[in-house]
Amino acid sequence: MPLVWSDAIDDVDWSELSALYRVAPLGNKHPSDLKTAFSNSRFRSFVYDEGKLVAWAERSQTAWIARTSVTSRSCRITRAAAW
């Protein structure tokens, strides 16, 4: 099944995104704080694999920040990049 990209925040599971931040490891972010931050951002993307949130990107004032957290039965891959 192909990855699904979306910029909509209506269906984001903020607890799931918070868990991805911990797994990445990008720190502990409270779900309500993430909702506030992403709601105030004009540019954001979420990536879903079979309905599960697996990656996200957000734009700060100076750069796009792509954050990926992919988990599977046998491996865990995390990456943070700025360009």
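What about V70, is it at pLDDT 85 or above, on the phi < 0 side of the Ramachandran plot and not charged (D, E, K, R)?
The answer is no for V70.
Filter the range 18-58 down to the residues that are hydroxyl-bearing (S, T, Y) and part of a helix (DSSP H, G or I), then identify the one that is nearest to D7 (Cα to Cα).
Within the range 18-58, the match that is nearest to D7 (Cα to Cα) is S39.
Regarding Y48, is this residue at pLDDT 85 or above, crowded, with 16+ Cβ neighbours inside 10 Å and either of a type in the set (A, V, I, L, M) or out of contact with any Gly (no Cβ under 9 Å at 6 or more places or on another chain) (or both)?
So Y48 passes the test.
In the range 24-45, what count of residues is obtained for those that are in contact with a strand residue (DSSP E or B) (Cβ under 6 Å, 6 or more places away or on another chain) and surrounded by 13 or more Cβ atoms within 10 Å (Cβ to Cβ)?
Within the range 24-45, residues that are in contact with a strand residue (DSSP E or B) (Cβ under 6 Å, 6 or more places away or on another chain) and surrounded by 13 or more Cβ atoms within 10 Å (Cβ to Cβ) number 5.
Pairs under 6 Å by beta carbon, first residue farther than 19 Å from R22 by Cβ in the range 42-59, partner among the small types (G, A, S) and part of a strand (DSSP E or B), six or more apart or different chains?
Close Cβ pairs (under 6 Å, with a partner that is among the small types (G, A, S) and part of a strand (DSSP E or B)) amount to S45/A57.
The values are calculated or read from the model by the stated rules, or taken from the named source; none is laboratory data. Values in this document were obtained by computation on a predicted structure and should not be read as measured data. Positions of Cβ are backbone-derived with ideal geometry, glycine not excepted, and every protein chain shown enters the neighbour counts.
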